[in-house]
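Single-structure report; data block below.
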Amino acid sequence: MTKLKIRIAPDPILHQKSQPIKVTEVKSAKVRKLVQDINDTLKSGEYGVGMSSIQVGIPLAITVIMIRPTPTRPNLKQFNKVYFNAEITGIEGDKVPMREGCCSILGKDDKPIYAKVPRYEKIRIKYLDEDGVAQEETVDGFLAHVLQHEIDHQNGILFTDLVDESSIVSCDDYKRISNSE
Ligand SMILES: [Zn+2]
């Protein structure tokens with residue numbers, strides 16, 4: 001089990017654009033190991049439902065989704081998937097605000113901070129799967145929200161770039177708010 005060092009804002013690499021990965025590289029030992037290490041890194045932390053390669057300092061368009069129950073969202077259902085070169089090809093419906101945090105953006109207590117970020121309810125994406133096969137599909141709900149966050153990472157955008165600073169809350173405040181909502 002390899003836990004990689006997570007890059008934390010204001011590390012400038014987080015605003016760097018990731019490079020697409022070649023089809024022939026998807027199944028390479030190097031990329032498989034990187035995906036495994038990102039999985040391990042996510043698993044070793046309590047928080048986080050997704051991570052992009054840039055967050056461990058490697059600017060490649062790789063996103064690992066690991067939706068699972070977390071301290072702030074105990075009711076999530078497990079869903080694991082790896083997306084290479086994920087891109088949004090279509091949007092549907094309106095933007096809906098949902099509270100999100102990021103393993104790369106921590107508060108003074110070293111826990112993630114949160115803000116409500118407006119994201120599209122439904123998106124169409126294209127990507128390469130773990131076999132390097134091109135896929136296109138429509139996703140909605142929580143997964144659509146998480147994927148928009150991760151695709152932003154690949155474009156060097158953090159959720160704090162999209163919200164008003166005054167709307168950001170600490171992890172403990174988030175737990176208090178979500179209990180009372
Ligand atoms: Zn993030």
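The H on the amide N of Gln19, modeled in the peptide plane, is under 5 Å from the matching H of Leu60, Ala61, each at least 5 residues off or on a different chain.
Please identify the chymotrypsin sites (Phe, Trp or Tyr not before Pro) of the range 21-128 that satisfy two criteria: DSSP loop assignment and at most 11 other Cβ atoms within 10 Å. Which are they? For chymotrypsin sites (Phe, Trp or Tyr not before Pro) across the range 21-128 that sit outside H, G, I, E and B with at most 11 neighbouring Cβ atoms in 10 Å, the list is empty.
Within the range 39-117, the trypsin sites (Lys or Arg not before Pro) that combine a DSSP coil assignment with at most 16 other C-beta atoms in a 10 angstrom radius are Lys77, Lys108. Computed about its Cα centre, the charge dipole of the range 12-180 is approximately 320 debye, with only Lys, Arg, Asp and Glu carrying charge at their Cβ.
Couplings 3J(HN,Hα) of the range 115-120, computed from phi: 8, 7, 10, x, 9, 5 Hz, in residue order, whole Hz [Karplus 6.51 cos²θ - 1.76 cosθ + 1.60, θ = phi - 60°; x for Gly and Pro]. Report, in whole Å, the centroid distance computed from the Cα atoms of the range 1-30 and the range 104-174. Computed from Cα coordinates, the inter-centre distance equals 16 Å. With Cα atoms as the point set, the radius of gyration and Dmax of the chain evaluate to 15.6, 49 Å.
Per residue, the range 12-180 exposes an accessible area of 49 Å² to a 1.4 Å probe, with every protein chain left in place. Taking 26 Å as the limit for the C-alpha separation, the pairs Lys17/Lys122; Lys3/Lys77; Lys43/Lys111; Lys3/Lys108; Lys22/Lys111 exceed it in the case of Lys22/Lys111. Dividing the summed -39500 (n - 2.57) terms of all DSSP H runs of n ≥ 4 by the residue count of the chain sets its mean residue ellipticity at 222 nm at -7500 deg cm²/dmol. Here the 3J(HN,Hα) profile of the range 81-98, calculated from phi with Karplus coefficients 6.51, -1.76 and 1.60 at θ = phi - 60°, is 6, 10, 10, 9, 6, 5, 9, 7, 10, x, 10, 9, x, 9, 7, 10, x, 9 Hz, Gly and Pro shown as x.
Placing unit charges on the Cβ atoms of the charged side chains and taking the dipole of the range 63-154 about its Cα centre, the candidate lying farthest along the positive direction among Phe84, Gln148, Ala134 is Gln148. Dividing the mean sequence gap of close Cα pairs (under 8 Å, 6+ apart) by how many residues the chain holds gives a relative contact order of 23 percent.
The values are calculated or read from the model by the stated rules, or taken from the named source; none is laboratory data. This one's a predicted model, so the numbers in the text were calculated from it and none came from an experiment. Virtual Cβ from ideal backbone geometry, glycine too; neighbours counted across all protein chains shown. These accessible areas exclude ligands, DNA and RNA; they are computed on the full protein's heavy atoms, side chains included. Shrake-Rupley method; radii C 1.70, N 1.55, O 1.52, S 1.80 Å.
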